[in-house]
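Asks: The structure's right below; bear with me while I get my questions together.
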Amino acid sequence: MKRRWLPMLFIVACFIMGSVIPVYAAENKSSHLESLKNYTVLSEGKVKELSNSMVKLLAQGQAIRAVKADILNKEKQTKIKEAEKKDVQEQPVKHVTPTGQKMMMEATAYSCNEGIIGGGNMTAMGQDLQVNPMAIAVDPTVIPLGTKLFVEGYGEAVASDTGGAIKGNIIDLHFADVSRCIEWGRRQVEVTILV
């Protein structure tokens, strides 16, 4: 009977030590002697009482559920932060009312993920798409390279790339994520050459 409780007691002791020691080390930077003044010595009976209550909690699954809930909460927060970071990277600077010459163009999408749609990390003007993903491939005879554009549904970016299939009134918009390229597809958009 006693042997059944030994592994569980060992797990509880490890759990307590793993929780207490890092907190103690982080919060108590004073000398070792001063920190000992804050502790009270527990009697053997009190230690057994605490151990028994921890074993009961563990046996009922409350401690495990609490730890699982904490882990799930931290994972959820991490995913939210990653999504916010990704949104910030791809959000273009938006003008309220872009001014300049407007024209209707056919817009397709590409990604710098090699072998998928498009490929390569550098544009024709040397822009690193991993650092600044907002780029537009144009026909330089229609829109000169280096021109700032505002594309309806995409935002503001620089005409910094070219492509073999980009001829005439066709532009190719860069997206960091392939799924966004597929979502964009091919569509007619209003393009404003910003002044």
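We did not get these values from a lab; they are worked out from the coordinates using the rules stated. In this text, all values refer to a predicted model and were calculated from it rather than measured experimentally. Don't worry about glycine lacking a Cβ; one is built from the backbone with ideal geometry, like all the others, and counts go over all protein chains shown.
Asks: Order 129-141, 177-189 from most to least packed using the mean count of other Cβ atoms within 10 Å.
Replies: Final packing ranking: 129-141, 177-189.
Asks: Expressed in nm to one decimal, what extension gain is obtained for the pair VAL131 and LYS102 from 0.36 nm per residue of sequence separation less their Cα-Cα distance?
Replies: In short, 7.6 nm is gained.
Asks: With +1 on each Lys and Arg Cβ and -1 on each Asp and Glu Cβ, and nothing else charged, work out how big the dipole of the stretch 100-194 is about its Cα centre, in Debye to the nearest 20.
Replies: Charge dipole, the stretch 100-194, about its Cα centre: 180 debye, nearest 20.
Asks: What residue among ASN132, MET122, TRP184 has its Cα farthest toward the positive end of the dipole of the stretch 100-194, where the charges are +1 on Lys, Arg and -1 on Asp, Glu, each on the Cβ?
Replies: TRP184
Asks: Rg and Dmax of the stretch 100-194 over Cα atoms: what are they, in angstrom?
Replies: When restricted to the Cα atoms of the stretch 100-194, Rg and Dmax are 11.8, 36 Å.
Asks: Lys and Arg at +1, Asp and Glu at -1: add these up for the other residues within a Cβ distance under 15 Å of VAL195 and post the number.
Replies: Local net charge: +1.
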